[in-house]
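Asks: Sharing a structure below in structure tokens format, with a few things to ask.
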Amino acid sequence: MRKVIICNVAMRESVKPLVYQTDDKSLCISEQPVTYPILSCLSGLLSPDDSIKVVLLCKCDPNCNYLRNVERFKKEFTDHCGGIVADPEYRILDTEFDEDKTETERMLSKLVAECEDGAEIISDTTYGSKTMPVVLLAALSFAVKHLACKVQHVFYGQVYFQNDTPTNPRLCDLSYLIYLNSLLYTLRCDSSDKARKALDLLLKF
């Protein structure tokens, strides 16, 4: 199976590795701390028969922290998944620190180009700029609708900061937003009242 792993790269110089928890019983969570939440469960989502491409989304911060954090991801991937996938294909997509409309559109186009037809996609939107999750969700929605891709997970590492220390790390999955958005765009209502009622019905399922 062709699998595409997409992850936003951290811009901060120091990111504390954490042990994540989840309510999703289908995920096998590592007891080892990780910098990137996706790596806490990724090994359980891969098999030796998979062909893996890792797409790393980078914001070029002035201190070049993203370059060190790319290498950190690669090392953690090898530590956690190297026994399953020996030689993944890496693609680095970078964007300028000072974003504008053109730069955002360029990133969206490049990201869609990495979403191969029929691939299974697992992503992590924990880090990066404020625009990155929006661009990622747009690209994934396009891939599902037009490229026959399946978005298996969109992970987000949730933490509560107490005295500047991250606590209670939890692994959340936002993939339902992709499919909910698809349903919302297919709604055909001739009044705002009917649209609101249709939304209420969808959210009850």
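Asks: Using only Cα atoms, find the angle between the long axis of helix 176-186 and the longest principal axis of the chain, and express it within 0 to 90 degrees, rounded to the nearest 10.
Replies: 30
Asks: Could you derive backbone 3J(HN,Hα) for the stretch 32-45 from the dihedral phi with the Karplus parameters 6.51, -1.76 and 1.60 (θ = phi - 60°), listing whole Hz in sequence and x where the residue is Gly or Pro?
Replies: So the J values, rounded to whole Hz, are 8, x, 9, 7, 9, x, 4, 6, 6, 9, 4, 4, x, 9.
Asks: Residue by residue through the stretch 121-128, which ³J(HN,Hα) values in whole Hz follow from phi under the Karplus form 6.51 cos²θ - 1.76 cosθ + 1.60 (θ = phi - 60°), with glycine and proline marked x?
Replies: Computed from phi, the couplings for the stretch 121-128 are 10, 10, 9, 9, 10, 4, 9, x Hz.
Asks: Then there's this: For Lys110, go through the aspartates and glutamates and keep the ones whose alpha-carbon is under 20 Å away, minus same-chain ones fewer than eight residues off.
Replies: Candidates past the 8-residue exclusion: Asp61, Glu89, Asp94, Glu96, Asp98, Glu99, Asp100, Glu120, Asp124.
Asks: Which angle from 0 to 90°, rounded to the nearest 10, does the C-alpha axis of helix 192-204 make with the longest principal axis of the chain?
Replies: 50
Asks: Follow-up question, since we're still on this one. Can you pick out the pairs among Lys3/Lys130; Lys3/Lys204; Lys59/Lys101; Lys150/Lys197; Lys101/Lys130; Lys3/Lys75 whose Cα atoms lie more than 22 Å from each other? Display every interim value, and only then the final one.
Replies: Numbers: Lys3/Lys130 26 Å; Lys3/Lys204 31 Å; Lys59/Lys101 15 Å; Lys150/Lys197 29 Å; Lys101/Lys130 14 Å; Lys3/Lys75 19 Å.
Long pairs (Cα-Cα over 22 Å): Lys3/Lys130; Lys3/Lys204; Lys150/Lys197.
Asks: OK, next. Among the DSSP beta bridges whose two residues both lie in the chain, what percent are antiparallel, rounded to the nearest 5? Don't skip to the end; give the middle numbers.
Replies: Details: 8 of 34 bridges.
Antiparallel bridges make up about 25 percent of those DSSP assigns within the chain.
Asks: Now for a different question. Considering amide H positions built from the backbone, and no H for Pro or chain starts, which residues 5 or more places from Phe97, or on another chain, come under 5 Å of its amide H?
Replies: Excluding prolines and chain starts, which carry no amide H, the hits are Cys60.
Asks: Any idea what the relative contact order of the chain is, in percent, if you count C-alpha pairs under 8 Å spaced at least 6 apart? Intermediate results must be reported in sequence, preceding the final value.
Replies: Values: 338 pairs, mean separation 46.8, N = 205.
Relative contact order here is 23 percent.
Asks: Here's something else I'd like to know. Take the chain, connect every pair of alpha-carbon atoms lying under 10 Å apart with a spring to form a Gaussian network, then pick out the residue of Arg12, Arg91, Arg188 with the largest mean-square fluctuation.
Replies: Arg188
Asks: Which of Ser182, Ser26, Ser47 ends up with the largest GNM mean-square fluctuation for the chain, with Cα atoms connected below 10 Å?
Replies: Of Ser182, Ser26, Ser47, the most mobile in the Gaussian network model is Ser26.
Asks: While we're on this one: Compute the acute angle (0 to 90°) between the alpha-carbon long axis of helix 65-81 and the principal axis of greatest extent of the alpha-carbon atoms of the chain; round to the nearest 10°.
Replies: 90
Asks: So, one more: Once amide H atoms are placed 1.01 Å from N in the peptide plane, what residues at a sequence separation of 5 or more from Ile6, or on another chain, have their amide H within under 5 Å of its amide H?
Replies: Val55, Ile122, Ser123, Asp124
Only the coordinates and a few stated rules stand behind these numbers; no lab work does. It should be emphasised that the depicted structure is a prediction, and the values quoted were computed from it without experimental measurement.
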